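The values are calculated or read from the model by the stated rules, or taken from the named source; none is laboratory data. Please read all numbers here as calculations on a predicted model, not as lab measurements. No Cβ is skipped: glycine too gets one built from the backbone with ideal geometry, and neighbour counts run over all protein chains shown. Accessible surface is based on the protein model in full, side chains and every heavy atom, while ligands, DNA and RNA are left aside. Shrake-Rupley method; radii C 1.70, N 1.55, O 1.52, S 1.80 Å.
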Amino acid sequence: MASTTALTSQFPKYKPASGYLCKLSISAGILGGMQNLYETVKKAQMVVQVEAVRVQKELAVAEFDGYCEGELIKVTLSGNQQPIRTEITEAAMELGPEKLSLLINEAYKDAHQKSVLAMKERMSDLAQSLGMPPGLGEGFKQ
């Protein structure tokens, strides 16, 4: 193997390997930083998943009541928009099937709107609690 002095005299632009080693250690530092970033992102994803499941469970047991005009009909939905019950007053029954159908739809839409609004608010709160910038949680809102 040729000595460093012999190489530098033959090839004046030759630099000893220490510069190469320096580049390797910088590259290793960058790759190590990327690994740390990857692990941090993975941990953050796990936290988001755990928290999202918690919010979904809360919403699943929550109930939202919707009413038609005059509160003749009350429809109750869960936080994930599953129907729970419908209450129809005698006065509503006397209005006939067509009007009754319209009032049930009106009450259902009211309950659905309240349920969706609660879901959006909880998901937005979740996004903010995780330190997401304002507006980024808007992706949760459907």
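Of the numbered criteria (1) small (G, A, S); (2) free of Cβ contacts under 8 Å to residues at least 60 places away in the same chain; (3) under 14 Å from R122 (Cβ atoms), the one A92 fails is (3). So is K99 at pLDDT 95 or above and touching a strand residue (DSSP E or B) at 6+ places or on another chain (Cβ under 9 Å) or not? The answer is no for K99. Yes or no: the stretch 40-51 includes at least one residue that is open to solvent by 70 Å² or more (accessible area, probe 1.4 Å) and in contact with a helix residue (DSSP H, G or I) (Cβ under 7 Å, 6 or more places away or on another chain). Checking the stretch 40-51: not a single residue is open to solvent by 70 Å² or more (accessible area, probe 1.4 Å) and in contact with a helix residue (DSSP H, G or I) (Cβ under 7 Å, 6 or more places away or on another chain).
Select from the stretch 87-108 the residues that are among the charged types (D, E, K, R) and more than 12 Å from I73 (Cα to Cα) and write down the one among them that is surrounded by the most Cβ atoms within 10 Å (Cβ to Cβ). For the stretch 87-108, the residue satisfying everything is E94. Restricting the stretch 52-77 to residues that are surrounded by 12 or more Cβ atoms within 10 Å (Cβ to Cβ) and of a type in the set (V, I, T) leaves a set whose member that is farthest from A91 (Cα to Cα) is V55. The condition (being farther than 17 Å from Y108 by Cβ and without any contact (Cβ under 8 Å) to a residue 24 or more places away in the chain) is satisfied by just one residue among V55, V61, V48: V61.
Would the stretch 27-42 turn up any residue that is modelled with pLDDT of 50 or more, within 22 Å of the chain's Cα centre (by Cα) and charged (D, E, K, R)? Checked the stretch 27-42: at least one residue is modelled with pLDDT of 50 or more, within 22 Å of the chain's Cα centre (by Cα) and charged (D, E, K, R).
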